[in-house]
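The values are calculated or read from the model by the stated rules, or taken from the named source; none is laboratory data. Keep in mind it's a predicted model, so treat the numbers as computed, not measured. Neighbour counts run over all protein chains shown; Cβ positions are idealised from the backbone, glycine included.
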Amino acid sequence: MLTAYLAVLAGLIVLVWSADKFVIGAAATARKLGMSPLLVGLTIVSIGTSAPEMFVSAMASLDGAGNLAIGNALGSNITNILMVLGITALVSPIPIQKKLVRKEMPLLLLISIIGGLTLADLEVNWIDALILISALIFALYLMFQDSSESGEPIVDDEEAEAIEHTSTGQALFWLLTGLLALMLSSRMLVWGATEIAVAFGVSDLIIGLTIVAIGTSLPELAASIASALKGHHDIAVGNVIGSNIFNLLAVMPIPGILATTAVEPMALYRDFSVMMVATLALGLILLLSYRSGRIARPFGAVLTGSYVGYLVLLMFMAQA
């Protein structure tokens with residue numbers, strides 16, 4: 001049992017580290033091959049932020065733990081909105097970009113509904129995966145059009161500088177090293193998580209919603225809090241919305257690509273419902289905060305408190 005706990009802890013640490021190195025290596029390699037910074041930001045960097053969830057979902061699906069993968073996608077979205085934004089807003093009110101309310105937030109709501117429809121028959125198959133991947137391509141196209149018109153950068157200055165100053169040799173080294181470490185760490189994490197699930201008699205879904213989802217969301221939380229303390233967290237809401245879009249469209253299709261996965265009913269009736277309510281609540285908070293231009297601490301308290309309540313609900317239902 002101790003080995004399983006150590007596997008989860010080590011898996012999460014290496015997963016977070018390797019995801020960062022993989023993104024830098026892949027993005028720098030693409031730049032050396034002539035891809036524009038805008039396109040690198042929209043594709044490699046944006047999707048790369050969901051690399052931990054994607055690799056964990058792939059390994060879980062290959063191990064026959066498809067519901068861990070579903071729980072990871074839904075749980076990460078719930079965690080991003082309620083925990084990451086909630087705690088960040090408690091640390092310091094979060095500035096919001098007005099275009100998020102007009103464009104990105106409605107897109108996330110639409111994609112969340114599409115995600116729910118693919119789960120409605122309680123299975124994820126290759127048709128569902130095709131629908132979600134098609135929606136991903138469309139979402140990338142919309143983001144590219146929007147970014148081209150606005151001229152806004154997709155990555156922050158520090159990340160862009162790291163990409164530009166990475167040599168070709170370094171880029172290839174970190175690309176391959178990051179990829180290998182992602183595969184090994186995600187395999188370790190899934191093994192440890194499923195062993196813990198068996199030992200405590202809980203489902204893979206619950207483990208995906210809690211240990212794995214929180215673990216893969218920790219980098220976003222750490223980055224958001226660090227930015228808030230420095231006063232540079234105006235992209236926090238945009239990052240969460242973008243991450244949630246990619247979790248639904250790039251992570252959730254993976255079980256359907258590898259094998260038809262039967263979805264636990266609670267994933268739809270409880271967890272998707274919570275994710276949808278959290279997404280709607282974020283939209284409402286953005287509307288209420290539109291005039292002031294920032295998400296105030298009371299909203300942060302509501303989001304964080306809701307997340308604690310959700311975890312209590314999961315623990316209560318797991319013991320029932």
| field | helices (runs of 4 or more DSSP H) completely within the range 45-97 that count 1 or more residues being hydrophobic (A, V, I, L, M, F, W, C) and surrounded by fewer than 21 Cβ atoms within 10 Å (Cβ to Cβ) | value | 51-62, 86-91
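When you scan the range 218-236, do you find a residue that is of a type in the set (A, V, I, L, M) and either farther than 21 Å from Gly300 by Cα or in contact with a strand residue (DSSP E or B) (Cβ under 6 Å, 6 or more places away or on another chain) (or both), even just one?
Checked against the condition, which is being of a type in the set (A, V, I, L, M) and either farther than 21 Å from Gly300 by Cα or in contact with a strand residue (DSSP E or B) (Cβ under 6 Å, 6 or more places away or on another chain) (or both), the range 218-236 yields at least one hit.
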| request: Looking only at the range 243-297, count how many residues are among the hydroxyl-bearing types (Ser, Thr, Tyr) and either out of contact with any helix residue (DSSP H, G or I) (no Cβ under 8 Å at 6 or more places or on another chain) or in a helix (DSSP H, G or I) (or both). | output: 5
| task | Residue by residue through the range 285-294, note down the ones that are touching a strand residue (DSSP E or B) at 6+ places or on another chain (Cβ under 7 Å) and within 18 Å of Pro106 (Cβ to Cβ). | result | Ile285, Ser289
| Out of the range 266-304, which residues are over 15 Å from Gly71 (Cβ atoms), free of Cβ contacts under 8 Å to residues at least 24 places away in the same chain, surrounded by fewer than 18 Cβ atoms within 10 Å (Cβ to Cβ) and not basic (Lys, Arg)? | Val277, Leu284, Leu288, Ser292, Pro298
| said: Cβ-Cβ under 9 Å, sequence separation 6+ or interchain: first residue in the range 64-85 and on the phi > 0 side of the Ramachandran plot, partner among the basic types (Lys, Arg) and modelled with pLDDT of 90 or more. Which pairs? | reply: none
| query | If you take the residues of the range 195-223 that are within 13 Å of Ala4 (Cα to Cα) and surrounded by fewer than 19 Cβ atoms within 10 Å (Cβ to Cβ), which of them is modelled with the lowest pLDDT? | reply | Val198
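Out of all the residues in the range 73-95, which are of a type in the set (S, T, N, Q) and under 14 Å from Val274 (Cα atoms)?
Within the range 73-95, Ser76, Asn77, Thr79, Asn80 qualify.
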| Of the criteria (1) within 30 Å of Leu268 (Cα to Cα); (2) surrounded by 21 or more Cβ atoms within 10 Å (Cβ to Cβ); (3) at pLDDT below 90; (4) of a type in the set (A, V, I, L, M, F, W, C), which one Val101 fails | (2)
| Residues in the range 194-204: is at least one among the hydrophobic types (A, V, I, L, M, F, W, C), within 20 Å of the chain's Cα centre (by Cα) and outside any loop (DSSP other than H, G, I, E, B)? | no
| said: Residue pairs, Cβ under 8 Å, 6 or more apart or interchain, first in the range 26-45 and within 21 Å of Gly169 (Cβ to Cβ) and at pLDDT 65 or above, second assigned to a helix (DSSP H, G or I) and among the acidic types (Asp, Glu). List them. | reply: Ala28/Glu164; Arg31/Glu164; Val45/Glu159
